[in-house]
Amino acid sequence: MTADAPGRIVLLTTSHRVAPGLLSWPAWQVLHGADRVLCADPAHPQLPYLREAGVMVEEAAPDAQELVDDSAGGRTLVVIPPGEGDARLTDGLARLAGSGRVQMPDLELLPASYDLPGARLLDLVQVMDTIRAECPWSSAQTHEGLAKYGIEEAYELVEAIEAGDREELREELGDVLLQVVFHARIAQEDAEEPFSIDDVAGTIVEKLIHRHPHVFGTETAESAEDVKAHWRRTKAAEKQRESVTDGIPLGQPALALATKLASRVRTAGLEVAAPVSVGGGDLGERLLSLAVRAEAEGVDPESALRAAARAYRDAIRMAEQVD
C-alpha cells in the first residue's frame, strides 16, 4: 500500500434500544480489521463488549483533519460516536470534503445495530420513568387521579377517527398510549402487588395468543363471525361468568351500555324483550328500544347519535350566522 493511497473512515453507529454487543456481521468484520477504533465516550455501553471480543478501543476524540491525516496510506479508522451523534466531527469532514483542497479518504456510515419495530416504546418507558421521578405533578399522581384523563383521551381518539384526521389520530393514539404507560409506571410502586409495563404487555400477549387459536393453534376460521365465535368461547372459559351481563361496565355512556347489553343478549341466543313503552311512557324505555333495534340492524347508535349531534351543531352555527 503506497503512502498516498486513500484510507477509509467508518462511522459505526449503534442503537441504544438494542442490547449492547449485538452487532451486525459487517460491523464485527470492520472492527476486527481496522487499524484504529476510536470512541470519545468512555462510558459508551458498547465498549465492554467490544473489548471482551478482542477489539482494542482508544478513548480519543480527534478532529476531522486529524482523522483524515491518520487514514493516509490506506489505513482504516473506525469511529464510534456517542448515542446523540458527533456533529463536530461530521460537519468537519463535510467541510474538508467540500473544500476540494484535501485528498479525502473513503467515508462510510455503517449502522451496526438497527431498531426493531416497536423500539421507540422503550424511549417512552424511559421518559416516563424520568418524569415520574423528577416532575412534581407526575410524581404525585395516582390511578384514581388519572382515571378521568383516560376517559377524556379515549373520547378524543374517537373524535379523531370520526374526523378522518390522520395527524390528529396519531397524536391521540399517543395520548392514549401515555395513559397506559403512566398507569403501569405507578403500578410498579405498589407495595403489595406491583407490576410493570412488561407485565401488562405480557398479559395481553398471552391473551391474544390464547384467543386466536385459528392463528396460533390448530383451529380454523373462515370468516369474521368464526373469529368472534372463537373469541366468545375462550373468553367465557377464562372468565367463568355466571351471566352474559358480567363484565359490562355500568359506568359507560347510557347509549353504549344499552347497545352492549343488547349485543350480549343477541350473541347468547337469549330471548329477552326490551321494555316497551305503553301510551308514550318512560322516555328511557323508548331510547332503550331504539338502541336494541339499532344493534340488531348492525348500527352503532352511539356513533349514529354523535353524527346527528355534529350535524345539529353545524345547523346551530349556521343559524347563529344568519342572526
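The values are calculated or read from the model by the stated rules, or taken from the named source; none is laboratory data. If you're wondering where the values come from, they're calculated on a predicted model, not measured in any experiment. When we count neighbours, we look across all protein chains shown, and the Cβ atoms used for this are built from the backbone with ideal geometry, even at glycine. The accessibility values were calculated without ligands, DNA or RNA, using every heavy atom of the protein model including side chains. Shrake-Rupley method; radii C 1.70, N 1.55, O 1.52, S 1.80 Å.
Between the range 142-212 and the range 100-126, what's the alpha-carbon centroid distance in Å?
31 Å
Residues of the chain: accessible area per residue at 1.4 Å, in Å²?
The answer is 65 Å² per residue.
Evaluate E = 1/(1 + (r/R0)^6) for Leu208 and Ala53, where r is the Cβ-Cβ distance and R0 equals 30 Å; express this FRET efficiency to the nearest 0.05.
E(calc), rounded to 0.05, equals 0.20.
So what are the ³J(HN,Hα) numbers for the range 30-46, from phi and the Karplus equation (6.51, -1.76, 1.60; θ = phi - 60°), rounded to whole Hz, Gly and Pro as x?
Ordered by residue, 3J(HN,Hα) equals 6, 5, 6, x, 6, 6, 9, 10, 10, 8, 7, 9, x, 9, 4, x, 7 Hz.
Do you know the Lys pair count in the chain for C-alpha distances under 25 Å, with sequence separation 8 or more or different chains?
Value for the chain: 9.
Efficiency by 1/(1 + (r/R0)^6): what FRET value for Leu290 and Arg17, r their Cβ-Cβ distance, R0 = 56 Å, to the nearest 0.05?
0.65
Among (i) 0.99; (ii) 1.16; (iii) 1.02, only one was calculated for this model; which label is it, if the read-out is Rg/Rh (Cα atoms, Kirkwood Rh)?
It is the one labelled (ii).
Test of understanding: given the chain, find the longest segment containing no trypsin sites (Lys or Arg not before Pro) that are in a DSSP loop and have at most 13 other Cβ atoms within 10 Å.
102-240
Among His210, His32, Phe182, which residue has its Cα furthest toward the positive end of the charge dipole of the chain, with +1 on Lys/Arg Cβ and -1 on Asp/Glu Cβ?
Comparing the listed Cα positions along the dipole, His210 ranks first.
Leaving out ligands, DNA and RNA, what percent of the accessible area of the chain is carbon and sulfur, probe 1.4 Å?
Exposed carbon and sulfur together represent 57 percent of the surface.
Run the numbers for Glu168 and Ile316: contour at 0.36 nm per residue of separation, minus the present Cα-Cα distance, in nm.
50.8 nm
Counting each DSSP H run of 4 or more residues in the chain as -39500 (n - 2.57), what helix-only mean residue ellipticity at 222 nm follows after dividing by all residues, to the nearest 500 deg cm²/dmol?
So the calculated ellipticity at 222 nm is -17500 deg cm²/dmol.
What is the spin-label model distance, in nm, from Arg101 to Glu242 if the labels are put 7 Å beyond Cα along the C-beta direction?
8.9 nm
Considering amide H positions built from the backbone, and no H for Pro or chain starts, which residues 5 or more places from Leu38, or on another chain, come under 5 Å of its amide H?
Hits under the 5 Å cutoff: Glu58, Val78, Val79, Ile80.
Suppose each label sits 7 Å from its Cα in the direction of the beta carbon; what would the Thr90-Leu270 distance come out to in nanometres?
Result for the modelled spin labels: 6.2 nm.
Which sequence of Cys39, Cys135 reflects their accessible areas, 1.4 Å probe, from the largest down?
Cys135, Cys39
Starting from the Kirkwood Rh over alpha-carbon pairs, what translational D in µm² s⁻¹ does the range 168-323 have by Stokes-Einstein at 25 °C and 0.890 mPa s?
124 µm²/s
How high is the FRET efficiency between Ala308 and Ser24 when r is their beta carbon distance and R₀ equals 35 Å, given to the nearest 0.05?
0.05
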